[in-house]
Each structure stands twice: as structure tokens, then as C-alpha cells.
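Here's the structure, in C-alpha cells; my notes come after.
The values are calculated or read from the model by the stated rules, or taken from the named source; none is laboratory data. From a predicted model like this one, the values you see are computed outputs, not experimental measurements. Positions of Cβ are generated from backbone atoms using ideal geometry, with glycine treated the same way; all protein chains shown enter the neighbour counts. The protein model used for the area step is the full one, side chains on, heavy atoms only, and it has no ligands, DNA or RNA in it. Shrake-Rupley method; radii C 1.70, N 1.55, O 1.52, S 1.80 Å.
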Amino acid sequence: MDEILLRLEELLFLSIADVAVLSADVNIAIVRVDVSCTAAGASCPGRGAWSAQVHGSYLRFPADVPSAGRNVVLQLRVRRFTCRNDECGRRTFVEQIRGLTRRHGQRTERLRSALAAIGLALAGRVGARLADLVGAPVSRSTVLRLVHALPEPEVPAPRVVGVD
């Protein structure tokens, strides 16, 4: 069983460090993957102070990219740490797994980038239809919101300016 979980971890989270797959449950319509972070601590987003003092933990359920026509939902146990910097306005903060979650996010970064790419190519209503066919149903407003959240592309400075 440990070998299967290890292979599943390699398959799902190849580019993400400090993530361990604890179990996987496959139903007809949904795949639920129980995941936890294995890092020793986290740095405070306020002042950047490193902390390993755990204040508590809770479960998050971010949606991930669909697999074989099934929705994938992560059951992610995140820890709340106590900030050790006395000057910091935050007393506690929650760890964010780089490349997987973001603050207040309901989707993984992979799903966000896939939906943003769909929205960038097809825009709102048609992008929402394609996302529904792919297995990640979202509204047209969500697709457009993800496109608007993308950073502006850098425009190169012109080499020559002509005046007519």
C-alpha cells in the first residue's frame, strides 16, 4: 500500500515539494486524495519570520484538475502557526504550499492556470462550456475573473520611432 501511495504522490505532485499523500478514495464521480504538508514550519507572510510552533490545524478541500473524467478534490490538512515576531500584526498564520495552494483559494494552482488558459483562449461563456466538458465546471464570470487576475504581459520597448 505504501508503494501505491508513493507512486500516486509522484504522479500527482511531481513538482511540488513537502507534500505527502496519505490516502486516496475513488468513487464513481469523484477522486478524493488525502494530503498533508511535511515541512517543519512556515514563514509568516507579514514579516517573514520562520515559525515551527503549531497553533492548530484544519482541513481544506481545494479542487484539482480532473482525472479520467472524474473530479479530483484534495483533502488537505493545513497547519496554523504562531508568529514569533512581536512586531508583527499577525498572531497566527496558515501555511501555504507553494505551487499548490494560495490564500483563500478554492482551486489548486494547476486548476487555476488551466482555467485561465481556457479563458485566455476562448473568453467567458465558451470558456465555461469547455471547462465543463473537461470536467471543471465554473461560471463564465469565474473564467473572466481568472483571466483578469493574470499579470499584464510585458510589451517590449520600440527600437525605432518614426514620425510621419
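Ignoring everything except DSSP H segments at least 4 long, calculate the 222 nm mean residue ellipticity for the chain; use -39,500 (n - 2.57) per segment, divide by total residues, nearest 500.
That calculation yields -8500 deg cm²/dmol at 222 nm.
Our analysis of the chain gives Rg over Rh at 1.08, with the two radii drawn from alpha carbon positions and Rh computed by the Kirkwood formula. Under 1.5 on a/c is rounded, so check that first for the stretch 46-105, then, if it is not, pick prolate when a/b is larger than b/c and oblate when it is not; a ≥ b ≥ c are the square roots of the alpha carbon gyration tensor eigenvalues. Since a/c reaches 1.5 and a/b is larger than b/c, the shape of the stretch 46-105 is classed as prolate.
For the chain, the solvent-accessible area of protein heavy atoms averages 67 Å² per residue (probe radius 1.4 Å; ligands and nucleic acids excluded).
The phi-based Karplus calculation (6.51 cos²θ - 1.76 cosθ + 1.60; θ = phi - 60°) puts the 3J(HN,Hα) values of the stretch 59-72 at 9, 10, 10, x, 7, 10, 4, x, 9, 6, x, 10, 6, 10 Hz, whole numbers, x for Gly and Pro. Of the whole protein surface, Val155 contributes about 130 Å² of accessible area at a 1.4 Å probe radius. Backbone N atoms of the stretch 86-119 closer than 14 Å to the 7 Å Cα→Cβ label point of Ala49 belong to residues 86-93. Expressed to the nearest 5 percent, the antiparallel share of DSSP beta bridges inside the chain is 70 percent. Site pair Val163 and Val73 shows an inter-label distance of 6.4 nm when each label is modelled 7 Å from Cα along Cα→Cβ.
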